[in-house]
1. Along the charge dipole of the range A:899-967, which of A:S934, A:A956, A:L900 sits closest to the positive end, that is, farthest toward it, with unit charges on the beta carbon of Lys, Arg, Asp and Glu (+1, +1, -1, -1)?
2. Could you calculate the contour length gain from A:M740 to A:Q817, that is, 0.36 nm times the residue separation minus the distance between their Cα atoms, to one decimal place in nm?
3. What is the gain in length, in nm to one decimal, between A:K571 and A:E314 on full extension, counting 0.36 nm per residue of separation less the C-alpha to C-alpha distance?
4. For the range A:666-824, report the accessible area per residue in Å² (1.4 Å probe, heavy atoms, rounded to an integer).
5. Which of the peptides A:676-685, A:525-534 is most tightly packed, and how do the rest follow, going by the mean number of other Cβ atoms within 10 Å of each residue?
6. Provide the three semi-axes, in whole Å and in decreasing order, of the ellipsoid equivalent to chain A as defined by the square roots of 5 times the Cα gyration tensor eigenvalues.
7. If you place +1 on the Cβ of every Lys and Arg, -1 on the Cβ of every Asp and Glu, and leave all else neutral, what size is the dipole of the range A:142-267 about its Cα centre, to the nearest 20 Debye?
8. About its Cα centre, how strong a charge dipole does chain A have in debye, to the nearest 20, once Lys and Arg get +1 and Asp and Glu get -1 at the Cβ?
Amino acid sequence: MKLYHHEKIEKKWQKQWLAEETYKASDNKVARKFYHLVMFAYPSGDLHIGHWYNFAPADVVARKKRMEGLNVLSPFGFDAFGLPAENAAIKRKLHPKEWTYANIDRMRGQLESMGPSYDWSRQVITADPEYYTWTQWMFLQLYKKGLAYRAEVPANWCPSCKTVLANEQVVDGACERCKTIVVQKNIEQWMFKITAYADELLRNLDALDWPERTKTMQRNWIGRSEGARIKFKLHKSQTAQITNPDEIEVFTTRPDTIFGATYLVLAPEHPFVTEQLLENTNHKSQITNAYAVKSYIDQAAKKTEIERTSLEKEKTGVELEGIKAINPATGQEIPLWVADYVLGHYGTGAIMAVPAHDQRDYEFAEKFGLPKKIVIEPVCGDPRPDEEYRLSIVAIVEDRKTGKLLSINWGRELGGNLFVGGGRENGEDPIQCALREIEEETGYHRLTPTSSTEAIYHHYRAHSKNKNRLIEAIGLHFYLEDGDQKPVKLEEDEKGKFTVEWLTKDEARAKVKDPLHRLVFDRLVEKHAYAGEGMMVDSGEFTGLESGKALPLVIGWMEKAGWGMHAITYKLHDWIVSRQRYWGAPIPVIYCAQCAINDGNTKYEIRNTEQTGNNIILRNGKKYAVIPVPPDQLPVRLPDIDDYTPPGDGKSPLARSEAFTNVQCPECGKPAKRETDTMDTFVDSSWYFLRYTDPHNAETFASKENVAHWLPVDLYIGGAEHSVMHLLYARFFTMALADMGWLHFREPFAALRHQGIILGPDGEKMSKSRGNVIDPDSLVKNFGADTVRMYLCFMSEYSQGGPWSPGGINGVHRFLQRVWKWYTSPRPSPQKGEGDFPPPRGGIEGGVFKTLHKTIKKVGEDIDTLKFNTAISALMICFRQLEEATDVSAETREIFLKLLAPFAPFITEELWREQLGHASSIHREPWPTYDPSSMEDESVSIAVQIGGKTRGAITAPKDADEANVRVAVHADPRLQKYLEGKEVKKTVFVKNRLINILVA
RNA sequence: GCCCGGGUGAUGGAAUUGGUAUACAUGAGGGACUUAAAAUCCCUUGCCCGCAAGGGCUUGCGAGUUCGAGUCUCGCCCCGGGCACCA
């Protein structure tokens, strides 16, 4: 027996596989294709165990599919541009290129040690000019379609990284990479119009085979809201000089509450506000409190995003005095306010406030004493036939001293805990009625009324009266002024039916279940605005309608009147792709002053240049035409410059290079300026999966034939942290390219799976500072790559991850050593016809044969569903039987090795070729198939339950019927005692599973 | 606050989708081999009562449906993730 030296065999096969091109994908459409993709790596320096956890189990799938005869494309590459590499290089005083490519070399070596079946001939590196030529080309395609444009927008600026970030790269108000608090800065930026695809990005999610939580995250990020845009005219007094605009547009999801809009709120950033303040300096503005408004806005601007949204939820704001708006539905004059609870970047940056039916507006109105107008009355319960209509009240009495609430407990059957309720005679004052009912039922008096609700309708069945009722209730809140007062005597007939209890607010929340009483509690005690649907009141022609049903009617009415329209708003914003940093693909654009003059087009707008010629931008008051770099001049090479540190003045370090900046305009030949910003790294990674299909193509990003053959990706495996950014951007690119005719599909990743996260042995996130980092290199050195790969597959449910347990790896290592020993130990070779394949049923090899086929099925299915841990468990069970068998056929030995091959590629290859004497690789062998009929057992164990309790099991022939099983149960001495002298009432029989005998 | 996941031995985790809970491993304890250790192999290992035979209990907690619930329903507790003044 040779000893198992993993170092030797691993090196040997790594070389051999490369030499034999074992894993090369064929572009010939000879077999059904399988595009198997893992997220490419960021060359940060070292491969950590998390990389391995992504790549190693994923590789098992690729290997198995290849053995199944599919034409597998499993490529790998490096996402080499970007901030982290650049920052790391600066820290080490290295050129980003040096640093990055050294890392790639190192990581490539580590990757190869892992034994993945990548087709290395297709490796892509996004920082290679051969790659970013096409990144730039893609930019120009988007530009031509009007999907890339330049605009000055408030952008997230990271003061530490000295660049702008996309919304997706800001986490909790801080830079995703360096955790520095992001500030808002107005800078002219290149943007991608991803919002043009918001609807499709949302809609297509339903059909994708992706984890539900990932789809949910994308849905939330896109954040579609349907409602209406409504224009509010501004009131013009005699002296008014308000020029433009003379109206404010708001977005609302509740146009059905328009009649309840009692004021408008503008975001501090709203252009109207800015303009009014500006005009104020020219004494044109109508605002009479400009100073107060300005100081409020300055204060709001100083707050970071975090301060604005987290801790302090207390509403703040200031009125724009001197200006009024007109509610177009009611014609009433309403005030305008500025408050930072309205966000400048969502909707129109302005809202109509409906304090009666929106919690935020309610709180704001409470604080500033603004009027609330009820336009929706709640309805609970469902209408029933023959309803009796009654007026009533629900009264909540609060003890001012203890804060407890007066409740009546009617007992379980009559509705449990309620507040005081009662019928109101026609014409009776609700307060008088409530005082009367409270005194009658509880005996308390001397109460102060404080607040009341709108009418609330309740359809219900009054069981005690045996009648269906619709009641129109008013909820009332009273303070009990003197907590010590003794309740006066109750009427005789009321006694015993109920008990009077004082409940804390928490108790009331838990115990009061009745919907009507609940609503009153929510409104008067919890101080919640009623934001649900209900009956419209005080709403002109819509009064009396159900608000949900009336919503489209209301929108139609607005549209007809011309001051409102149906609208959809998304949270998703256009993607800012400019980065004021060195290490990225240069944006391939030139600015030409001469062409701006020639063009004569002075408009600043986003245009589709295929139809309308050059766009014009303004810079320092001067006009420039935007000239795309012609395709034959691509790539715009990233120059080697001496100082690539970010200047921090909003410009890229490339702006320092005269040689780079000054160019001849490709259109008019006059001196012009190059764009000096580079592209966000996420642009590079938005299309890399296309390049893999044809990575060396110099004519186009990938040939149409190859793209058509390989895409879409059949299985994409990578971390959940890319749920919104990369995965959303790549989908956008795919849709845009499809619309340009370059692609034949609209969704790049048909199936997506996330691996879990491996934590340190202490259960905490791995980090150098905690000292709980697991180093894959030393694991490979100690145990061999096969063991590490296999343990990663075995340690946990793949999508779950979990803490690394240092001892656990021993189990897998022992298993592989047993396998090695078993295959390398001399054993009597079976005689011809003896123990062969297929062997006779029964006997030891017969048992092995059955187990083997069950294992083929189990392992195959488990790999397909990424349940690697149970696949390995099945292999272990099977192998235990092989070890115990006295006689195992050569075929069985080969089949087992093939099943193990995707998990442990090195050891299986060594045994396959050196022990079993094959000339070619096991990894190109056909995957074993199983024979369903030979897997079946002749006898089965049937659970026996007596009275629902499991009392034992019997062995019976497969498919035995109930009668036979019953006989067997009664014959079993261990079971008899449970049945002796008892009458069998019923039996439940599940074939091949269980019998449950119910006895008297 | 809202939306997703999840809670099973000492530990990582299984469980044919409503049918014998704890597979497979780790760890621990005991034994064999050895001068010794490591490695290897064998046995034990959910909890409680009992000398034993045996009995009882057990999938975060509490109810419910069912002949039967880790699995379904309702209520609650805890952990992880995402979103969060989005009109």
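The values are calculated or read from the model by the stated rules, or taken from the named source; none is laboratory data. Just so it is clear, the structure is predicted and the values come from calculations on it, not from any experiment. Ideal geometry is used to build each Cβ from the backbone, glycine not excepted, and the neighbour counts take in all protein chains shown. Calculation scope for accessible area: heavy atoms of the full protein, side chains included, ligands and nucleic acids excluded. Shrake-Rupley method; radii C 1.70, N 1.55, O 1.52, S 1.80 Å.
1. Towards the positive end, the residue furthest out is A:A956.
2. The span from A:M740 to A:Q817 would gain 22.1 nm if fully extended.
3. Length difference between fully extended and current span is 90.1 nm.
4. 36
5. Order by mean packing, descending: A:676-685, A:525-534.
6. Output for chain A: semi-axes of 61, 52, 23 Å.
7. The dipole magnitude comes to about 280 debye.
8. 2060
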